[in-house]
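Everything below concerns the one structure shown next.
The values are calculated or read from the model by the stated rules, or taken from the named source; none is laboratory data. Just so we're clear, the structure is a prediction, and the values are computed from it rather than from any experiment. With ideal geometry, Cβ positions are generated from the backbone for all residues, glycine too; neighbour counts draw on all protein chains shown.
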Amino acid sequence: SAVISQKPSRDICQRGTSLTIQCQVDSQVTMMFWYRQQPGQSLTLIATANQGSEATYESGFVIDKFPISRPNLTFSTLTVSNMSPEDSSIYLCSVGQGGEPQHFGDGTRLSIL
Amino acid sequence: GESVGLHLPTLSVQEGDNSIINCAYSNSASDYFIWYKQESGKGPQFIIDIRSNMDKRQGQRVTVLLNKTVKHLSLQIAATQPGDSAVYFCAENKVNNDMRFGAGTRLTVKP
């Protein structure tokens, strides 16, 4: 399965600032996904990022707050904009094809003060 | 609305015993189900999957059972070991690869 690396692994940020999270895959993949996992909870899909097209956002998530880039088949970024304490979560990148299991990075642990 | 959920939030078992983690789903159109294990500080790790045309699938020390009649999914871990302590998530994969996760069950293995 693909090896997925996320940077940074954790960060502590001031409210009102923005942070860009990077996701690098060791092979070319069509579909990449970004999830949020709030403390002690399950994973919620933020958006699907396909190369060459705009990201598709789930209900409750908007591009202005979580802009996503997908410049090629091995890389994506998620920006958390104008952060507030409610954005403190683990942000996870995954890759997968339809009907196959998704594989995840180890996530970015974000705390906002 | 449609959801994927779990019956128990926590499960504590003795080392060497078998563990059973349950999951309920409500969308009869779902055709693919996955179990993930998430250890502290890590991302979810794929354990085993099953498609809707099957009712049982076995892996190494793990078995997944699918009961489509009652929309129920379970993960059985044989001879549970301390390294099995983690949070386990079931996930429902719909046709367009839109994956939905259940709430998670924390498994604790007592020595």
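Every listed requirement among (1) farther than 19 Å from A:Gly99 by Cα; (2) at pLDDT below 95; (3) part of a strand (DSSP E or B) is met by B:Thr63 save one, (2).
Of the residues that sit in segment A:1-29 and are among the small types (Gly, Ala, Ser) and not in a strand (DSSP E or B), which one is surrounded by the most Cβ atoms within 10 Å (Cβ to Cβ)?
From segment A:1-29, those among the small types (Gly, Ala, Ser) are A:1-2, A:5, A:9, A:16, A:18, A:27; that's our starting set.
Then drop every residue that is not not in a strand (DSSP E or B), which leaves A:1-2, A:9, A:16, A:18, A:27.
On the way: A:Ser1: 13, A:Ala2: 16, A:Ser9: 13, A:Gly16: 10, A:Ser18: 12, A:Ser27: 11.
That would be A:Ala2.
Among the listed residues B:Asp55, B:Asp84, B:Asp17, B:Asp31, which satisfies the condition of being within 14 Å of chain A (Cβ to nearest Cβ) and either over 19 Å from A:Pro101 (Cα atoms) or among the charged types (D, E, K, R) (or both)? Steps first, answer last, please.
Numbers: B:Asp55 fails: within 14 Å of chain A (Cβ to nearest Cβ); B:Asp84 fails: within 14 Å of chain A (Cβ to nearest Cβ); B:Asp17 fails: within 14 Å of chain A (Cβ to nearest Cβ).
Step by step, each of B:Asp55, B:Asp84, B:Asp17, B:Asp31 is checked, and only B:Asp31 is within 14 Å of chain A (Cβ to nearest Cβ) and either over 19 Å from A:Pro101 (Cα atoms) or among the charged types (D, E, K, R) (or both).
Filtering segment B:96-111 down to residues that are away from chain A (no Cβ under 14 Å) and over 14 Å from the mean Cα position of the chain (by Cα), which residue is surrounded by the fewest Cβ atoms within 10 Å (Cβ to Cβ)?
First, the residues of segment B:96-111 that are away from chain A (no Cβ under 14 Å): B:107-111.
Pick out the ones that are also over 14 Å from the mean Cα position of the chain (by Cα) and you get B:108-111.
Values: B:Thr108: 13, B:Val109: 20, B:Lys110: 11, B:Pro111: 7.
So the residue we want is B:Pro111.
Output the strands (runs of 3 or more DSSP E) that fall wholly within segment A:38-113 and possess 1 or more residues being facing chain B (nearest Cβ under 9 Å), or say none. Don't jump to the end; show me each part of the working.
Values: elements: A:43-50, A:68-72, A:75-80, A:89-95, A:108-112.
Because the criterion is at least 1 residues that are facing chain B (nearest Cβ under 9 Å), the strands (runs of 3 or more DSSP E) in segment A:38-113 that meet it are A:43-50, A:89-95, A:108-112.
Taking the numbered list (1) surrounded by 13 or more Cβ atoms within 10 Å (Cβ to Cβ); (2) in contact (Cβ under 8 Å) with a residue 24 or more places away in the chain; (3) of a type in the set (A, V, I, L, M) in turn, A:Leu113 passes all entries but (1). When the residues of segment A:30-48 are filtered to those that are under 15 Å from A:Val80 (Cβ atoms) and not hydrophobic (A, V, I, L, M, F, W, C), the one that is surrounded by the fewest Cβ atoms within 10 Å (Cβ to Cβ) is A:Gln38.
Here's a check for you: in segment B:58-95, which residue that is surrounded by 13 or more Cβ atoms within 10 Å (Cβ to Cβ), among the small types (Gly, Ala, Ser) and in contact with a Lys or Arg (Cβ under 7 Å, 6 or more places away or on another chain) is farthest from A:Ser94 (Cα to Cα)? Across segment B:58-95, the extreme among qualifying residues is B:Ala78.
Restricting attention to segment B:63-77, does a residue exist that is within 10 Å of another protein chain (Cβ to nearest Cβ) and of a type outside the set (Lys, Arg)? The answer is no; no qualifying residue exists. Scan segment B:41-51 and give yes if some residue there is exposed (fewer than 13 other Cβ atoms within 10 Å of the Cβ) and more than 14 Å from every other protein chain (Cβ to nearest Cβ), otherwise no. So far as segment B:41-51 goes, no, none of its residues is exposed (fewer than 13 other Cβ atoms within 10 Å of the Cβ) and more than 14 Å from every other protein chain (Cβ to nearest Cβ).
What number of residues in segment A:1-18 are more than 10 Å from chain B (Cβ to nearest Cβ) and out of contact with any helix residue (DSSP H, G or I) (no Cβ under 9 Å at 6 or more places or on another chain)? First the steps, then the outcome.
Narrowing segment A:1-18 to residues more than 10 Å from chain B (Cβ to nearest Cβ): A:2-3, A:5, A:7-8, A:11-18.
Subset that is out of contact with any helix residue (DSSP H, G or I) (no Cβ under 9 Å at 6 or more places or on another chain): A:2-3, A:5, A:7-8, A:11-12, A:14, A:16-18.
Counting residues in segment A:1-18 that are more than 10 Å from chain B (Cβ to nearest Cβ) and out of contact with any helix residue (DSSP H, G or I) (no Cβ under 9 Å at 6 or more places or on another chain) gives 11.
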